[in-house]
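Got a structure for you, written out below as structure tokens; questions coming shortly.
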Amino acid sequence: MADPAAMDAPQTDRLAALDLLRGLAALAIVTRHFPWPGDLIGFLPRDYLAVDLFFVLSGFVLARAYWPSLSQEQGARTFLVRRLTRLYPLYLLATLLAAAFAFANGAPLGSWAATLGANLLFLPAPPDAAMGPNLFPFVYPAWSLFWELLANLLFAAIAFRLRGPLLPAVLLTGFLLVGLAAQQFGSLDAGARWTDLAGGGCRVLYGFFAGVALYFLHARLRVRIALPDWLLGLALLAAFAPGTGLAFGAGYDFLAATVFFPLLVLLGANARTNPLSRRIGAGLGGVSYGVYVLHQPIQQLGTLLVSTETLGASGIPGLTVLVVVTFIVAWAATRWIDAPAQLWIRRRRAQCAPADPTLTTSYPAAQ
């Protein structure tokens with residue numbers, strides 16, 4: 001079946017706008033993990049909601065690229081292999097770097113080895129007080145990638161049934177679970193630790209399949225609003241800006257994740273762009289995954305050079321340096337490590353299964 005979205009022109013404009021949103025969200029995550037001094041939480045207090053945007057973006061882009069084949073009960077294995085191999089090379093690099101830093105800093109050998117073994121398999125580390133509360137102590141943003149892969153597995157399993165009542169049922173279930181998670185944990189800053197593990201599942205179930213639903217909705221819309229992409233970028237950053245006081249509690253997170261971010265992605269899918277904004281969007285989107293998984297080991301290297309206290313006390317200048325270095329390293333790793341690895345993987349798979357028609361499916365990168 002032909003992809004309905006493929007007939008909408010120009011596709012590059014809309015994907016560039018979505019890449020801009022993805023890149024800004026990755027930047028927000030970098031600011032979140034900067035070692036701000038004392039109790040200071042930075043200037044984007046709700047930056048943890050970037051993960052909910054990632055889930056919606058992923059569902060939209062992957063449905064756009066793969067639903068035509070998955071809906072015919074074809075290519076599920078190929079889809080899952082492509083998703084794993086798309087994420088793994090830079091994740092492996094980040095994990096090995098961060099694990100080396102942890103080992104150099106004196107992490108207990110037994111705990112370190114058990115954590116590394118699990119994380120190399122893209123699985124949460126066993127609970128261990130010596131390694132901290134995170135599912136992925138070496139690359140803690142990877143918790144969202146773990147849930148993303150589980151959502152991909154579910155998508156592949158049920159895609160051929162999504163034309164019926166199953167998709168609304170999944171969305172309703174996810175909607176209710178996100179509300180429950182927000183109430184239970186007091187916010188949607190949940191999913192990265194064993195203590196709030198369930199929050200990640202709730203967030204990805206709704207976010208990813210909301211993106212899938214947006215793919216169907218976007219293909220059928222006859223009247224579309226074309227806002228400038230820079231305005232959508234500002235709206236995204238503004239969504240991360242409210243503080244965590246009583247006036248902006250769990251209800252704000254719930255509305256942002258379930259209403260605002262899906263609306264933002266829908267508008268971004270038809271955003272108005274210009275040559276400069278397309279280049280910026282493509283650049284930010286192209287390195288966003290590298291920024292997301294590599295910023296922690298880069299920050300760890302920075303703290304080894306100048307100490308955590310010194311880096312944190314440097315404030316905005318230190319953050320600026322960290323962001324610039326992170327983007328440079330992410331760009332270099334994407335170009336000289338990830339791109340050759342992806343090319344090698346595609347060639348190997350083509351040699352093993354040259355008759356598989358899904359091997360030629362275009363794949364807009366989704367982080």
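The values are calculated or read from the model by the stated rules, or taken from the named source; none is laboratory data. Quick caveat: nothing in here was measured; it's all calculated off a predicted structure. Counting neighbours? That spans all protein chains shown, and the Cβs are built from the backbone with ideal geometry, glycine included. Surface areas here come from the heavy atoms of the whole protein model, side chains and all, with no ligands, DNA or RNA. Shrake-Rupley method; radii C 1.70, N 1.55, O 1.52, S 1.80 Å.
Enter the accessible area per residue of the range 148-206 (Å², integer; probe 1.4 Å; all protein chains in place).
Heavy-atom SASA per residue in the range 148-206 reads 46 Å².
Per residue of the range 322-334, what does 6.51 cos²θ - 1.76 cosθ + 1.60 with θ = phi - 60° give for ³J(HN,Hα)? Whole Hz please, x for Gly and Pro, Karplus curve as stated.
Here the 3J(HN,Hα) series is 4, 5, 4, 5, 4, 5, 5, 5, 4, 4, 5, 5, 5 Hz.
Based on Cβ point charges of +1 for Lys and Arg and -1 for Asp and Glu, what charge dipole magnitude is obtained for the chain about its Cα centre, in debye rounded to the nearest 20?
1120
Calculate how steeply helix 109-120 sits against the longest principal axis of the alpha-carbon atoms of the chain, using the helix alpha-carbon long axis, and give the answer as 0 to 90 degrees to the nearest 10.
10
Among Ala313, Ala256, Ala102, determine the one that fluctuates most according to a GNM of the chain built with springs between C-alpha atoms less than 10 Å apart.
The residue with the greatest mean-square fluctuation here is Ala313.
Relative contact order for the chain: what percent, with Cα pairs under 8 Å and sequence separation of 6 or more?
33
Name the residue, out of Pro340, Pro35, Pro141, whose mean-square fluctuation peaks in a Gaussian network model built on the chain with Cα pairs under 10 Å.
Pro340
May I ask for the distance between the Cα centers of the range 82-118 and the range 137-154, given as a whole number of Å?
First find each Cα centre; the distance between them is then 14 Å.
Check Arg193: other-chain or 5+ apart residues with amide H under 5 Å from its amide H, H built from backbone geometry?
The answer is Leu135.
Starting at the first residue of the range 251-257, write each ³J(HN,Hα) from the Karplus equation 6.51 cos²θ - 1.76 cosθ + 1.60 with θ = phi - 60°, in whole Hz, x for Gly and Pro.
Listing the rounded values in order: x, 5, 4, 4, 5, 4, 6 Hz.
Oh, and also: Rounded to the nearest 0.05, what FRET efficiency do Val223 and Ile337 have when you use their Cβ-Cβ distance and R0 = 56 Å?
Using R0 = 56 Å, I get an efficiency of 0.80.
Which shape class applies to the range 86-132: rounded if a/c is under 1.5, otherwise prolate when a/b exceeds b/c and oblate if not, where a ≥ b ≥ c are the square roots of the Cα gyration tensor eigenvalues?
Taking the square roots of the gyration eigenvalues as a ≥ b ≥ c, the range 86-132 is oblate.
Within the accessible area of the chain, what % is carbon and sulfur when the probe is 1.4 Å and the other protein chains stay in place?
C and S fraction of accessible area: 69 percent.
Arg272's amide H: which non-local residues (gap 5+, or another chain) put their own amide H closer than 5 Å, with H modeled 1.01 Å from N in plane and none for Pro or chain starts?
Residues meeting the criterion, in which the H sits 1.01 Å from N, are Leu227, Asp229.
Is the range 109-206 best put as rounded, prolate or oblate by its Cα gyration tensor, with a ≥ b ≥ c the root eigenvalues, rounded for a/c under 1.5, and otherwise prolate when a/b is larger than b/c, oblate when not?
The shape class here is oblate.
Can you tell me the relative contact order of the range 164-227? Whole percent, Cα pairs under 8 Å, sequence separation 6 or more.
33
Follow-up. With a/c under 1.5 counting as rounded, go ahead and sort the chain into rounded, prolate or oblate using the C-alpha gyration tensor (a ≥ b ≥ c being the square roots of the eigenvalues; past the cut-off, prolate if a/b is larger than b/c, else oblate).
Verdict is rounded for the chain.
What are the ³J(HN,Hα) couplings of the range 26-32, residue after residue, when phi is run through the Karplus curve with 6.51, -1.76, 1.60 and θ = phi - 60°? Round to Hz, x for glycine and proline.
5, 4, 4, 5, 4, 5, 5
Next question. How large is the helix-only mean residue ellipticity at 222 nm for the chain, computed as the sum of -39500 (n - 2.57) over DSSP H runs with n ≥ 4, divided by its residue count, in deg cm²/dmol to the nearest 500?
That calculation yields -22500 deg cm²/dmol at 222 nm.
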